[in-house]
Number of protein chains: 2
Amino acid sequence: MPSRDHLLLNLAVDLVILTVREDKLHVLVVERGHEPYTGQLALPGGFLRQGEDLKAAAERELEEETGLKSVRHFHLEQLATYGEPERDPRGRVVSVAYLAIAPNLPVPTAGSDARAAHWAPVAEVSGALAFDHGRILSDGLERARSRLEYTTLAAVFCGSSFTIGDLRKVYEAVWGTTLDPRNFSRKVTGTKDFILPTGDSRAPDTGRPAALYRRGPAQTLYPPILRNGSSGS
Amino acid sequence: MPSRDHLLLNLAVDLVILTVREDKLHVLVVERGHEPYTGQLALPGGFLRQGEDLKAAAERELEEETGLKSVRHFHLEQLATYGEPERDPRGRVVSVAYLAIAPNLPVPTAGSDARAAHWAPVAEVSGALAFDHGRILSDGLERARSRLEYTTLAAVFCGSSFTIGDLRKVYEAVWGTTLDPRNFSRKVTGTKDFILPTGDSRAPDTGRPAALYRRGPAQTLYPPILRNGSSGS
DNA sequence: ACAAAAGTGTTCAATTTACACCCATGG
DNA sequence: CCATGGGTGTAAATTGAACACTTTTGT
């Protein structure tokens, strides 16, 4: 047995769940109901259960917190593991953080055990989170920003069908920049299997209707779409 | 206490330690002396101790396995965490893997408790490792390959002073490609603070002496040096 | 007709690739 | 003087940024 003279500890799984609402990047946070950090905001999470895989635990928490069944279509990837001895005042807790990307979904009020879970603009909670969750959020944001450069992840932020303008607004919200709509359009339509036309189109309040697309099978972007690229129009 | 009705488990730290020897990429492996997987090769690692930080545990294992003190100059970064319930037949063990990059150092025979630790060409051990260490190695290799594109990590594979040809051979060994020496030379000398001339030079067996360089302060490469780039001469 | 958003064409600059050519040394 | 690896020059091809301009709708 490996446990004879070695440390036994609790393993938590914490989630950075991101979405774009009203053209701004939001993260799902919960208000803490117990000590420590009572009343403060924190990332949703929970403890690993007997016989449970790490990713399965993350999926379970994701479902519980968002109150949604469609979680299988979200993006979920391991972010990093945080194990500073003093990170939790209750005792030794090592936390495996996951990054989840969700489309713009209904506010998770009615959901299951969602203890005051709600979407908050990342700009408002940065620096106000319990434990070391500020650091975890920061790492999650950097990972998401990087993923948008090299993978087709941005389309996961959109629903089942979206316009190129919707997709561009995701890039702008996550990166905090503006992009040239004309060059952006060419870049994404020029990358094979990134987005596929549905045939339909959608009219905005005013202006020419935009073609609708859905996710294609591509996972990586070649060539990548880099930040520090062309500033906006 | 968070541990009341939750799973307690052992946390291991495993290491993917890479170096380049004789123009080939090598990984440090140990021959297992106990069950399970007795006699098989595995990645070096050990269990987390009371009050010990994850990265500190990785540094401790790195020193123990290589038998070297100069470990502080190595590169050490967290890779990923592996927690499948059945990954260790002895019981529930979650492992945090770290990636270490070492210069070409003396064989770690004499070192401390090094239980048959030795360098093995990655091509020879891939698929022959105990536990899920094949997967961990594979993830570590991909991370290292990617790091060479966007960071100055390659210089860590070299010693305190090296020629541009040495540095190029690192890229070729890690990526398994050949690169044009002339364009490569310009790329690295054109990236500010990547490498700094020492003023000395070193003569090869035959041919013009090459200028010697040392690591510069830069951490990231802009522009990056991409794989799938120009094939060799 | 006009405002607004979608999308195309085109130009100029920066970067990358390929390779001819020169440099410095040991045998 | 020749083989070998180090290093520079340079032209062609590719890519990327910038932006004028056309398209298509609602009011």
For segment A:54-109, shape from the Cα gyration tensor axes a ≥ b ≥ c, cut at a/c of 1.5 then a/b versus b/c, turns out prolate
For the protein assembly as shown, shape from the Cα gyration tensor axes a ≥ b ≥ c, cut at a/c of 1.5 then a/b versus b/c, turns out oblate
tail above 17 Å in the computed P(r) of segment B:131-182, as % of all Cα-Cα pairs, reads 42
Sorted shortest first, the nm distances from the B:Arg186 label point (7 Å along Cα→Cβ) to its counterparts in the other copies are 2.6
Here the alpha-carbon Rg of segment B:1-91 over 2.2 N^0.38 Å rounds to 1.26
The Cα radius of gyration of segment B:66-220, divided by 2.2 N^0.38 Å with N its residue count, comes to 1.20
Sorting from shortest, the nanometre distances separating the label point of A:Asn104 (7 Å past Cα along the line to Cβ) from those of the same residue in the other copies are 5.7
To the nearest 20 debye, segment B:33-191 has a Cα-centred charge dipole, built from +1 on Lys and Arg Cβ and -1 on Asp and Glu Cβ, of 560
Note on segment B:130-233: the mean projected area of its alpha-carbon convex hull, in nm², is 7.8
Sorted shortest first, the nm distances from the B:Arg208 label point (7 Å along Cα→Cβ) to its counterparts in the other copies are 5.6
Where a ≥ b ≥ c are root eigenvalues of the Cα gyration tensor, a/c under 1.5 meaning rounded, otherwise prolate if a/b exceeds b/c and oblate otherwise, segment A:63-154 counts as oblate
Longest principal axis of chain A (C-alpha) makes with the long axis of helix A:54-66 (C-alpha) an angle, in degrees to the nearest 10, of 70
The lysines whose Cα lies under 26 Å from the Cα of A:Lys192, excluding any fewer than 8 residues away in the same chain, are A:Lys169
Computed over chain A: longest principal axis from alpha-carbon atoms vs helix A:133-150 long axis, angle to nearest 10 degrees, is 30
For chain A, the longest principal axis of the Cα atoms and the Cα long axis of helix A:181-190 enclose an angle in degrees, to the nearest 10, of 80
Neighbour-count ranking for A:Glu124, A:Glu65, B:Glu63 (other C-beta within 10 angstrom, fewest to most) reads A:Glu124, B:Glu63, A:Glu65
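Values quoted throughout were computed directly from the atomic coordinates according to the rules given, and no laboratory measurement underlies them. Given the structure is predicted, the values throughout are model-derived calculations rather than measurements. Virtual Cβ from ideal backbone geometry, glycine too; neighbours counted across all protein chains shown.
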